[in-house]
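Read through the structure below, which is laid out as structure tokens, and then see the notes.
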Amino acid sequence: MTADLTSVDGYVKLYTLLDDNNFGSTTPGHYGEQFYIPFPVESEGWEVGGSGSLPRPTVRFANINQYWSAHLSNYDDLVGAKVIRRRTLQKHLGTKPPVEFNRDVYYIERKTTETATMVEFELASAFDVQGIQLPRRAVVAARCPWKYKDPDQGGCDWPADNRFTINSVEHTLYFDKDDNRVTNHAVWGRQDVSSNRTSNLYAAQSYSVGDYVEYYRPIGGLISASAVSSGANVTFTVASGHGITTGEFVIAKGFTDEDANFKAVPLYVSDAQATAITVQNPSATITTSIGYLQATRVTLYKCITAHQLATGDDADDIIRPTNISYWEFGDVCGKRLNSCAIRYGHNSAGSGVTSVIVTKTNGAVGGGSGYTSAPTVVFSSNDVDGNAHGGSGAAATAVVSGGKVISITMTANGSDYNSAPAVSFSGGGGSGAAAEANINNRGTLNVALPFGGFPGAAIG
């Protein structure tokens, strides 16, 4: 049926049920006036036969303004969405109550076409069990369907589990979006230094683009608290079950005493009891005050705009990592099965060096020049960023051909490496050879993935 719908101020006026439970009612009060924006649409394939398979109609919508593209990306191509086809005669348009044929109920089976001008769907009847997609969401090979760092939306909540100890030293497992280990990070404002927490609230610091820092980001709800200053510390009286432990950081907010708010700078918890939390006090002028505490979680940030902190800055003007003009998240999931493997399959006991690769220049093996014999492969006590890697025991031999180092053969993998050691060469009569080490932090086979991972997925 083709109809020329009369519009009102650019909209189509129709009457529709206020409650679908009243479908078929003849009571005018069950219907309300509704205005719809006219929208280009085509459809075909609705014919129903007395035998054979059920119809699979196709519906095409205009997509000039990319309206449908946004919905498709956010809602799994709208697979499983209900489509209701309503039909009437032109003379009954705008009738209250409306006069219409029985409604046809279909579901989007799949998206068949998406272009800059249109999007097309294939529909299936509720009674048509042929070709039902299981699971209902679209699955793309090697791509994770879960949101990352968003547990409220069903995603992974990685930072709560990423701390481990090697040789009595605690480490944090951070990776960028390309699954490269991030080890060259500091603590924002050097809050790991007690004097910075108690005198200036933060340390004077310059940050360049690409610098990584840890920051204690506020999370969770507010905890009612009353604060009393006692010299170098402030003790907050709180209700039991707060979940805060010694060594963590908290944010103080909303206190009637201005000095007790600390300008949202994370405060170090020096002692945590069932109903009392004591923090290091950057100001000894606190009187009895009532407000709130908020827990924090250590989070890695990456600098995207160079800037400086100065001890003379007003605390209100401190550029914290939560400022998206200067910082972005540094620990970012690559949305691949490999990303799950290196995070959830990490060997917390430490890893060995699995290989050493000669650095290439313009796609060709560099290997230096002038080598008359195999140089000694030297593994540094630090990684390429100058940080202690915590491991030992790796050994390898160099293979020389044509005066160049062409390959490296591992003779011992070593253990306890939390990052790849820097590699250099000694002797052999030549110079210029360079190489990079790789460590095994991929864990074991069949890692248990969060939320079950992909349907049928396993890591091996």
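The values are calculated or read from the model by the stated rules, or taken from the named source; none is laboratory data. This structure is a prediction, so every number in the text was calculated from the model and none was measured. Using ideal geometry, Cβ is built from the backbone for each residue, glycine included, and neighbour counts are taken over all protein chains shown.
Structure values in brief
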{"read-out": "Test: residue in the stretch 166-182 that is touching a Gly at 6+ places or on another chain (Cβ under 8 Å), at pLDDT 80 or above, charged (D, E, K, R) and at positive phi", "value": "yes"}
{"read-out": "Matching entry among 105, 48 (being in a loop (DSSP other than H, G, I, E, B), farther than 30 Å from residue 144 by Cβ and either touching a strand residue (DSSP E or B) at 6+ places or on another chain (Cβ under 7 Å) or modelled with pLDDT under 80 (or both))", "value": "48"}
{"read-out": "Counted residues, the stretch 185-220 - those being surrounded by fewer than 17 Cβ atoms within 10 Å (Cβ to Cβ), assigned to a strand (DSSP E or B) and either modelled with pLDDT of 85 or more or over 30 Å from the mean Cα position of the chain (by Cα) (or both)", "value": "3"}
{"read-out": "Tally of residues being surrounded by fewer than 17 Cβ atoms within 10 Å (Cβ to Cβ) and of a type outside the set (Val, Ile, Thr) across the stretch 376-406", "value": "13"}
{"read-out": "Residues being more than 19 Å from residue 182 (Cβ to Cβ), in a loop (DSSP other than H, G, I, E, B) and at pLDDT below 80 - total across the stretch 360-388", "value": "3"}
{"read-out": "Selection from the stretch 51-85 of residues that are among the hydroxyl-bearing types (Ser, Thr, Tyr) and assigned to a strand (DSSP E or B)", "value": "58"}
{"read-out": "Selected residue (criterion: nearest to residue 15 (Cα to Cα)) from residues of the stretch 25-45 that are of a type in the set (Gly, Ala, Ser) and outside any loop (DSSP other than H, G, I, E, B)", "value": "32"}
